[in-house]
1. Need the list of aspartates and glutamates near Lys74 for cross-linking: C-alpha distance under 13 angstrom, and skip anything on the same chain fewer than eight residues off.
2. If we sort 167-175, 67-75 on the protection proxy, mean other Cβ atoms within 10 Å, highest first, what's the order?
3. Looking at region 74-204 from every direction and averaging, what is the projected area of its Cα convex hull in nm²?
4. So how do Tyr145, Tyr163 line up by other beta-carbon neighbours within 10 Å, fewest first?
5. Rank-order 111-118, 32-39 by packing density, defined as the average count of other C-beta atoms within 10 Å over each peptide's residues, highest first.
6. So for Met83, Met28, fewest C-beta neighbours within 10 Å to most, what's the order?
7. Where does the charge balance sit around Gly90 when Lys and Arg score +1, Asp and Glu -1, over other residues with C-beta under 12 Å from its C-beta?
8. For a quick protection proxy, order the peptides 119-125, 134-140 by their average other-Cβ count within 10 Å, most packed first.
Amino acid sequence: MKMRPKWETVSAIFLIYPKSAENKVIRMKKETKLWIRRVILLVALIGLAIAIYQITTLDVSNKPKVGEEAPDFKLKQLNGEEMQLSQLRGKAVMINFWGTWCEPCRTEMPAMQKAYEKYKDQGFEIVAVNIAETEIAVSNFVEDYGLTFPILMDAQKEIVRQYKIGPLPSSIFVDPQGKITQFIEGPLEVAQLELYINPILPRKQ
């Protein structure tokens, strides 16, 4: 028996049962969209589960503690230059771990920029460590938020592992002697930032 081409069959259905066929196509489109949404949700849930697993299984036995010297590191900045933490001795430093996809990080960035503008001439520096994102994504984010403090690129998550970072954002405040004074998880507002920055400014040592 000679089989009709698929397009002829579809055409025939439309000619014989135009309304029924149209409804069937619409129903199929809706079902396809529903399955796409389910797949996207499943992928998101898997990603969330992996993130939670990484946080809950993170070995924090050697996590840097308040009062200890901040572990030194060197990373390439977004502008191509290298920055080393130990070169900032004599300054009050905020090391901030963040990502463009992190909503609390987006909330915190304007407050960080305000604090930076207010205290940078008093010996305060921000070292914003981005975690494993592309330069294009980070550049667009920096431009959108008008950030002027150094952005360091932790492409291989080496510093994240070194500092045993869990949730984002996470911030470490370091005094001019290189000692950790605060280890904060979660976004900070301007008033909170000032509370941690003021005691470690060089003029108050």
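Laboratory data are not the source of any read-out in this text; all were calculated from the coordinates shown. Everything numeric in this text was worked out from a predicted model, so none of it was measured. Positions of Cβ are backbone-derived with ideal geometry, glycine not excepted, and every protein chain shown enters the neighbour counts.
1. In chain and number order, the partners are Glu82, Asp154, Glu158.
2. Those peptides, ordered most packed to least, come out 167-175, 67-75.
3. Mean projected area for region 74-204: 7.0 nm², to one decimal.
4. Tyr145, Tyr163
5. Details: 111-118: 17.5, 32-39: 10.0.
Highest-to-lowest ranking by the protection proxy: 111-118, 32-39.
6. With the sparsest Cβ surroundings first, the list reads Met28, Met83.
7. Values: positive: Arg89, Lys91, Arg203; negative: Glu125, Asp175.
The answer is +1.
8. Averaged packing, sorted descending, gives the order 119-125, 134-140.
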